[in-house]
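Working notes, beginning with the structure itself.
The values are calculated or read from the model by the stated rules, or taken from the named source; none is laboratory data. Worth saying up front: this structure is predicted, and the values here are computed from it rather than measured. All Cβ positions, glycine included, derive from the backbone under ideal geometry; neighbour counts span all protein chains shown. Quick note on the areas: whole protein, heavy atoms, side chains included, nothing else; ligands and nucleic acids left out. Shrake-Rupley method; radii C 1.70, N 1.55, O 1.52, S 1.80 Å.
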Amino acid sequence: MDGATDGGVHALSATTRLLDRAAAERLRDDLLQAAGRGARAFVLDLGAVEVFDPIGLSVLLMTRREVPAGVRIAIAALRPPGQTVARAMRLHEVFDIFADVRAATLELSR
């Protein structure tokens, strides 16, 4: 995972093709560490992800519950298979979802 900050919004990127438990836990750990330092807005860039493991998705959903109140998390850059998974799992009820990282960053920096 890599991370960058733009206007107070932390972008965390999954760099693997498969979002499995290990990849999702790396995202979660990076997010929780930054939230512990006071960060309040995150974009999870899942543009590289082609396959979503059910346990990896569960870790992402649990991450939402672990962050302090007031922390915003968006998912961005889902490929078509990820869009299908997001709709089926109703991820839009848990995360803000954006077509790309730039749009998510602009919205979360408001």
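Estimated from helices alone, the mean residue ellipticity of the chain at 222 nm is -13000 deg cm²/dmol (sum of -39500 (n - 2.57) over DSSP H runs with n ≥ 4, per residue).
Counting only protein heavy atoms and using a 1.4 Å probe, what share of the accessible area of the chain belongs to carbon plus sulfur, as a whole percent? Within the chain, the accessible surface is 51 percent carbon and sulfur. Counting only DSSP beta bridges with both residues in the chain, the antiparallel share comes to about 25 percent. Our estimate of slack between residue 61 and residue 103, defined as 0.36 nm per intervening residue step minus the Cα-Cα distance, is 12.9 nm.
Computed from the Cβ-Cβ distance with R0 of 30 Å, the FRET efficiency linking residue 69 to residue 48 stands at 0.50. Solvent-accessible area per residue in the range 24-95 equals 49 Å², computed with a 1.4 angstrom probe and all protein chains kept. Once each part is reduced to its C-alpha centroid, what is the distance from the range 6-32 to the range 84-110 in angstrom? Using only Cα atoms to place each centre, the spacing works out to 14 Å. Projected onto their three principal axes, the Cα atoms of the range 32-110 cover extents of 33, 26, 21 Å, largest first.
Just need the relative contact order of the range 17-92 here, percent rounded to a whole number, with Cα pairs under 8 Å and 6+ apart. Spell out each step's value before the answer.
Values: 89 pairs, mean separation 31.4, N = 76.
In percent, rounded to a whole number, it is 41.
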